[in-house]
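Asker: I'd like to ask you about the structure that follows.
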Amino acid sequence: MHMKYFTKEVRIALVAIAGIVILFFGMQFLKGLTLFSTDDNYYARFSDVSGLSASSPVYANGYRVGVVESIQYDYSRPDNIVAVIGLDNQLSLPKGTRAEISSDLLGNVKLELKFGPNPIDLMAKGDTIEGGTATGLMGRAAQMIPQIEVMLPKLDSILASLNTLMQDPAIKNSLHNVDDITANLSETSKELNALSAQLNKQMPTMLAKTDGVLTNVEGVTRKLNDFDLVATMQKVDRAMANVEQTTAKLNSNEGTLGLLMRDPELYNNMNATMQSADSLLMDMKQHPKRYVHFSVFGRKDK
């Protein structure tokens, strides 16, 4: 009896209805919506939704907390666009919370919640959130475009000047000189490396000689330490005392040398003797025959 109602046509119809229901729920799931949602609804007011649409995700601190369920456009007030958003019923929004539309480089649009300052003073379910557009990287790039447009003529002038400067033959000559200098520096570096290697080889010999010199210096220092400086100075003092005694005797009238140096009578006698000798020599020159007698034949003149 019951089998009459489950004919082939009825079974096909039931399968089609089940497929439609599954397709509907699947579409809702893919959109991020649920048919029997337990989310709390809030409203966000925008003057420009900038690509925001139903099923766009809603994030708070980088975590997905809801979805945009629908967008209501007021044709009488184009600047008053209201988006209905469903948020997790465990999420509480402080007053002053903003909803900002942002997009990434791939064009994916999402809604970011920026919480208010006071976590105790909360909004009620169904309240309206002020909306806006996040600046983001693309927004900052768009803000820089006017400045870039102002800079482009200056950049063009600078590039033209650089082009003229680079075509100057002096620049090419300078570059060639730099190449020569670099080559010379490279050669000098090689020579320095060779000199350093030679010094490294000779360093042990030099150190050995230095050790020998230091050893000799230590020996001389040891000899100087062993030298009896006090006895030597005593001998020098005695010699100076003898010199002083000799000088005192020369300055006195005692002794032969003292008398010779200080007796004027001796000087006068010596002077007189010299005068007599001088007179004698002059007389000998004038009358030589008085003093020298000789004859060729051995006979003296009387």
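Asker: Taking every pair of distinct Cα atoms and averaging 1/r, then inverting, what Kirkwood hydrodynamic radius in Å comes out for the stretch 40-98? Each step should come with its number before you reach the end.
Answerer: Numbers: mean 1/r = 0.0825 Å⁻¹.
Its Kirkwood hydrodynamic radius stands at 12.1 Å.
Asker: Take the Cβ-Cβ distance between Ile145 and Met123 as r, set R0 to 51 Å, and report the resulting FRET efficiency rounded to the nearest 0.05. Show your work: numbers first, answer last.
Answerer: Values: r = 37 Å, r/R0 = 0.73.
Using R0 = 51 Å, I get an efficiency of 0.85.
Asker: Roughly speaking, what % of Cα-Cα pairs in the stretch 32-134 are separated by over 25 Å, rounded to a whole number?
Answerer: On the way: 721 of 5253 pairs.
Above the 25 Å cut-off, the stretch 32-134 has 14 percent of its Cα pairs.
Asker: So who's got an amide H within less than 5 Å of the one on Thr97, skipping anything under 5 residues away but keeping other chains? H placed 1.01 Å off N, in plane.
Answerer: Excluding prolines and chain starts, which carry no amide H, the hits are Gly116.
Asker: Sticking with this structure for a sec: With θ taken as phi - 60° and the coefficients 6.51, -1.76 and 1.60, list the Karplus ³J(HN,Hα) couplings across the stretch 59-68 in order, rounded to whole Hz; mark glycine and proline as x.
Answerer: 10, 9, 6, x, 10, 6, 10, x, 8, 7
Every number here is computed from the coordinates shown, using simple stated rules; none is lab data. None of the values given here were measured: they were computed from a predicted structure. Using ideal geometry, Cβ is built from the backbone for each residue, glycine included, and neighbour counts are taken over all protein chains shown.
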